[in-house]
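Presented below is the structure to which this report refers.
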Amino acid sequence: GCVLVVSVIEQLAQWHNSTVKAAVERLCNYIPGKYQIMCHMSCCIDKEMNADVVCHSLRLCKQDPGQPLCHLYSPPKKEEDSSGLFCALARARPKHQIRSKSFMGFSSVCAFPLLANLCEKIKYVLRNKLPFEDFDGDKFSTFPTLRGYHWRGRDCNDKNTTVYPGRRPDNWDAKSDSNCNGIWGVDPKDGIPYEEKFCKGADSKGVVLLGDSAGAHFHIPPEWMTVTEMSAKSFANLPMAFSDEFDWPQFSEITGFLNSTIGGWTDSLYLRLRKRNRCNHRDLQNISQNVYFPVNIASYLSFSLARNQLLDNPAIVIYATIGNDVCNGERDTLAHMTTPKEMLSNVVQALRYLDSHLPNGSHVILTGLVDGRFLWDNLHDRYHPLGQLNKDVTYSQLYSFLNCLQVSPCSGWLTPNETLRNLTSERALQLSNVLKEIARSEKFASFDVFYMDFPLRQTAEEWRKMGGEPWQLIEPVDGFHPSQIAAALGTDITWQKALHEWPQVLGKENPFNNQIEAIFKDQGGH
């Protein structure tokens, strides 16, 4: 974090030909008030030092015994009888010794008084994967972030636990909207409730994603660290992004419902289901999380999933942990990957829980793991946003920096070691085959199970046909997650596969869609 912030400050000073102090002031003017953490760093940065030197000299970065000295930038050239980074640190540390002691108290973001309360909220949300503001406890909210309606369909009555998206209508919603799809009341012409007239027998169903950071749609805007594009407008969405864990599920491949503001366009399985049957309005749940290690989804389903087997509509559940089971930041990464035996146990455990909670007629789609060799192959020699101004930081350097710090999102793929990249992909294929076998052999009472490969190859082919480059399918800042373009293209591939191979999953097209939109056009907002 220190290296990123100091890099931006130094590049701002360079781009605007200003002092470091002026650059800090400029950055602080860009950033919303209570997020101005880096404003405390202005005394600690010297323009002639690169970010690695500054952060090591402040002792915000450390070197453990026997471990390499981690750096993002190429070390300074040898000078006289000393060399590189060690020489620069020796000169810098006496200068910053007093300052670093006073600064160390702020090395944790959540130590800042103005952020402490928000951090507590975030911790609650991360721990429970439930909306922070949910007054009736039905797991749906009227608040967008902190796991609110960006993640789940928006509640239309947060004071009534029996009113929430996805339930079967109460008395055909003749008097009020019990399932929040905006369809309620009685047709004065014939006395038939609109919900009964338009949605009875319509095969309504919601969509639930059980996923990882890719499913949550992790994204850090590149303009936050590209000084040539930086302005106050660049950081206007920082508070929202922070309280959504830097995820953008409202634009994601499975549960997206708002027009994208982060490039590309929004297309999602939910939007297509809604277009196919307007009665599905707001019936979505994105139960994904940002972790870079194997997680047993069954361990949190019991308090995160909102589905009543007796009262709610069936659901399409997408099980898509496309990288977590092979991705971790450990040096001996292969030893920490999920084994096929563990994968079988974890997934079957989750499916058994779903079988006891999903309404009959539901469907589960197991998505295979991605082949992450695509990342290194298409990015390693390109410049990262931090390196574009001076052509001094490639993705290869970023990956090495993260690996050295042991915080890499995927040590097995984000590495120059081709053998390790191949071994990681081999394990990913083995785990995908476990999922494929589960779909073939396991039977459940409440749902049927399908399998599909993660459509990276087809996505890249489609993007090439549109004149795009493969690297544009990857998030530019982290160099790891699928981009907004990849998410939108992936939706179409998934939809076409389901339409041709599993038409029963998508349900039939509602012939009353136009009438519903005409009558309830003012109640269609998400």
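The values are calculated or read from the model by the stated rules, or taken from the named source; none is laboratory data. Source: prediction; values computed, not measured. All Cβ positions, even for glycine, are placed from backbone atoms using ideal geometry, and neighbour counts span all protein chains on display. The area values use the complete protein model at the heavy-atom level, side chains included, leaving out ligands, DNA and RNA. Shrake-Rupley method; radii C 1.70, N 1.55, O 1.52, S 1.80 Å.
Structure notes:
- Rounded to the nearest 10 Å², the accessible area of Tyr383 at probe 1.4 Å: 90 Å²
- The chain - Debye-derived log10 I(q)/I(0), Cα point model, q = 0.05, 0.09, 0.10 Å⁻¹: -0.23, -0.70, -0.85
- Nearest-ten-degree value, helix 484-501 long axis tilted from longest Cα axis of the chain: 30 degrees
- Were the residues from His16 through Asn259 laid out at 0.36 nm apart, the gain over their Cα-Cα distance would be 84.1 nm.
- Here the simple spin-label model places points 7 Å from the Cα toward Cβ, and for Arg127 and His336 these points are separated by 2.4 nm.
- A 1.4 Å probe run over the protein chains yields, for segment 314-435, 37 Å² of accessible area per residue, whole-number rounding.
- Only beta bridges with both residues in the chain are counted; by DSSP, about 25 percent of them are antiparallel.
- Surface share of carbon and sulfur [accessible, 1.4 angstrom probe, percent] for segment 406-517: 51 percent
- With viscosity 1.002 mPa s and temperature 20 °C, the Kirkwood radius over alpha carbon pairs of segment 245-519 converts through Stokes-Einstein to a diffusion coefficient of 107 µm²/s.
- With the charge dipole of the chain set up from +1 on Lys and Arg Cβ and -1 on Asp and Glu Cβ about the Cα centre, the Cα lying farthest toward the positive end among the listed residues Thr19, Phe135, Tyr30 is that of Thr19.
- Zone of Leu238's modelled label, taken as backbone nitrogen in segment 470-487 under 20 Å from a point 7 Å along Cα→Cβ: 476-478
- Given their separation in residues at 0.36 nm each and the Cα-Cα distance between them, Asp136 and Val295 gain 54.3 nm when the chain is fully extended.
- Exposed-site-free run, longest, the chain (rule: trypsin sites (Lys or Arg not before Pro); DSSP loop; at most 11 other C-beta within 10 Å): 190-390
- Förster-model FRET efficiency, 22 Å R0, Asp381 and Glu418, C-beta, rounded to 0.05: 0.95
- Here the calculated FRET efficiency for Ile192 and Tyr353, from their Cβ-Cβ distance with R0 = 45 Å, stands at 0.70, rounded to the nearest 0.05.
- In the chain, helices alone account for a calculated mean residue ellipticity at 222 nm of -11000 deg cm²/dmol, with every DSSP H run of four or more residues adding -39,500 (n - 2.57).
- Using R0 = 22 Å, the C-beta based FRET efficiency linking Lys275 and Ser345 works out to 0.05.
- Label point distance in nm, Ala116-Glu229, each placed 7 Å from Cα along Cα→Cβ: 3.7 nm
- Taking segment 181-200 and a reference point 7 angstrom along Cα→Cβ of Lys521, no backbone N atom is nearer than 12 Å.
- Relative contact order (%) - the chain, alpha-carbon pairs under 8 angstrom, separation at least six: 15 percent
- Seen against the Cα atoms of the chain and their longest principal axis, helix 395-405 is set at about 80 degrees.
- Helix 20-30 vs. the chain, principal-axis angle (Cα, 0 to 90°, nearest 10): 10 degrees
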